[in-house]
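A.B. asks: The structure is given below, and queries will be raised subsequently.
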């Protein structure tokens, strides 16, 4: 059980070899059948010259152990210590000794520090660490990712618990019941910890594959079980669709968005506008409250009270999303209004104020399409019908 004293007991970090003469001198203090072994860093530990190392001692059992854990042998304690990664204190007898191979050994003789004045008056059963993480592949919804899985402490003599240790936005856990030979898998996501938009999408797609039981783990397909929670399924699909729109806009703008989750409604609306303009290449419509317009016109004779106008222009705008700002060029059209009055602002500079009102049974609305380059906007400024027939953005 004490095959690795360097890890089982705290050393003083002295990097020294112990001369054989010193070890031979220390061996004279031990009962027959025992000798010291140099375990490095200026430390030596008791060892049996025989092939056995049977320890008999009282173990201090912590009060917070599971109620169903009833060890009958020290091997049970050692196995539980490994499964739970807990250490247990060894209690010496009234003489300060423990029994090894039928002989009493003083606890101060278990470990020796020949170069330091250190006395060991406490011993613990310390488990060896779990093995290093291993790779597990998860595949579903056209996404395949590799995870590092490592065993985790679990206080049960019949169960082993594992989880991934290399991805913060995806949590894969599974519990193996060795007694009934079954495995319970838990798959959850925390997209707030995702570091990129693409990671958000992959996490959501894998989660959807899991709840639909359309997933492979190391190439083995999970049993197909119908998920009847259609509302949850629809919500996840809508969420995936939205983040795929964000990803498309991100690539179009040659940007690298930092996911801000939960996303604000205004940010979501910005993405919808950009997706409509840059990806679908269509304008979007917004109803607006407006009762006047200032214009500059050399001739205003054709503009009369009751006239129905359509105004288009190219404007430069600044769009902000996820702490990033972008300068774009917009074609803007104003529709659905008529002139209710005309006022002169500055006759010399041909400035006029037009008081406007909605056309009967209509609302005043503005249509906009964003472009990355000015030349693109100029090429589409004459698409009046396209602007007039733009659709509202539905959130």
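The values are calculated or read from the model by the stated rules, or taken from the named source; none is laboratory data. A quick note: this is a predicted structure, and the numbers were derived from the prediction, not measured. Methodologically, a virtual Cβ is constructed for each residue, glycine included, from the backbone with ideal geometry; neighbour enumeration extends over all protein chains shown.
A.B. asks: Among 334, 309, which is at pLDDT 95 or above and not in a loop (DSSP other than H, G, I, E, B)?
C.D. replies: 334
A.B. asks: Assess whether residue 180 counts as being assigned to a strand (DSSP E or B) and over 21 Å from residue 206 (Cα atoms).
C.D. replies: On the way: assigned to a strand (DSSP E or B): no; over 21 Å from residue 206 (Cα atoms): yes.
Here the answer is no, as residue 180 does not meet what is asked.
A.B. asks: At pLDDT 90 or above and in a loop (DSSP other than H, G, I, E, B): is that true of residue 64 in this structure?
C.D. replies: When the stated conditions are applied, residue 64 passes them.
A.B. asks: Considering only the stretch 373-381, I want to know if a residue exists there that is over 25 Å from residue 266 (Cβ atoms), in contact (Cβ under 8 Å) with a residue 12 or more places away in the chain and assigned to a strand (DSSP E or B).
C.D. replies: Looking for residues that are over 25 Å from residue 266 (Cβ atoms), in contact (Cβ under 8 Å) with a residue 12 or more places away in the chain and assigned to a strand (DSSP E or B), one finds none in the stretch 373-381, hence no.
A.B. asks: Just to be sure before I move on: is residue 218 touching a strand residue (DSSP E or B) at 6+ places or on another chain (Cβ under 9 Å), more than 16 Å from residue 141 (Cβ to Cβ) and free of Cβ contacts under 8 Å to residues at least 60 places away in the same chain in the structure I sent?
C.D. replies: Taking the combined requirement at face value, the residue does not satisfy it.
A.B. asks: A follow-up question, please. Kindly indicate whether any position in the stretch 274-281 is surrounded by 12 or more Cβ atoms within 10 Å (Cβ to Cβ), on the phi > 0 side of the Ramachandran plot, part of a loop (DSSP other than H, G, I, E, B) and under 46 Å from the mean Cα position of the chain (by Cα).
C.D. replies: Yes.
A.B. asks: Hey, can you tell me all the residues within the stretch 28-45 that are more than 13 Å from residue 17 (Cβ to Cβ) and assigned to a loop (DSSP other than H, G, I, E, B)?
C.D. replies: Matches in the stretch 28-45: 28, 29, 30, 31, 32, 33.
A.B. asks: Mind listing whichever residues of the stretch 338-364 are in contact with a strand residue (DSSP E or B) (Cβ under 8 Å, 6 or more places away or on another chain), farther than 12 Å from residue 290 by Cβ and not in a strand (DSSP E or B)?
C.D. replies: 349, 350, 359, 362 - these are the residues of the stretch 338-364 that are in contact with a strand residue (DSSP E or B) (Cβ under 8 Å, 6 or more places away or on another chain), farther than 12 Å from residue 290 by Cβ and not in a strand (DSSP E or B).
A.B. asks: All but one of (1) surrounded by fewer than 14 Cβ atoms within 10 Å (Cβ to Cβ); (2) within 40 Å of the chain's Cα centre (by Cα); (3) at pLDDT below 90 hold for residue 322, so report the exception by its number.
C.D. replies: Only one criterion is unmet by residue 322, namely (1).
A.B. asks: Please work out if residue 204 is touching a residue at least 12 places away in the same chain (Cβ under 8 Å) and touching a strand residue (DSSP E or B) at 6+ places or on another chain (Cβ under 8 Å).
C.D. replies: Yes.
A.B. asks: For the stretch 124-149, name all the residues that are closer than 24 Å to residue 80 by Cα and either touching a helix residue (DSSP H, G or I) at 6+ places or on another chain (Cβ under 9 Å) or surrounded by 15 or more Cβ atoms within 10 Å (Cβ to Cβ) (or both).
C.D. replies: Listed by number, the residues that qualify are 124, 125, 126, 127, 128, 129, 130, 133, 149.
A.B. asks: State whether the residues of the stretch 212-226 include one that is assigned by TED's automatic domain parsing to the domain that holds residue 156, in contact with a helix residue (DSSP H, G or I) (Cβ under 9 Å, 6 or more places away or on another chain), surrounded by fewer than 17 Cβ atoms within 10 Å (Cβ to Cβ) and modelled with pLDDT under 90.
C.D. replies: Yes: one or more hits.
A.B. asks: Could you list all residues from the stretch 96-111 that are farther than 16 Å from residue 122 by Cβ and surrounded by fewer than 18 Cβ atoms within 10 Å (Cβ to Cβ)?
C.D. replies: Once the filter is applied, which keeps residues that are farther than 16 Å from residue 122 by Cβ and surrounded by fewer than 18 Cβ atoms within 10 Å (Cβ to Cβ), the stretch 96-111 yields 99, 101, 102, 103, 104.
A.B. asks: So, in the stretch 23-56, exactly how many residues are modelled with pLDDT under 90 and more than 18 Å from residue 107 (Cα to Cα)?
C.D. replies: So the count comes out to 6.
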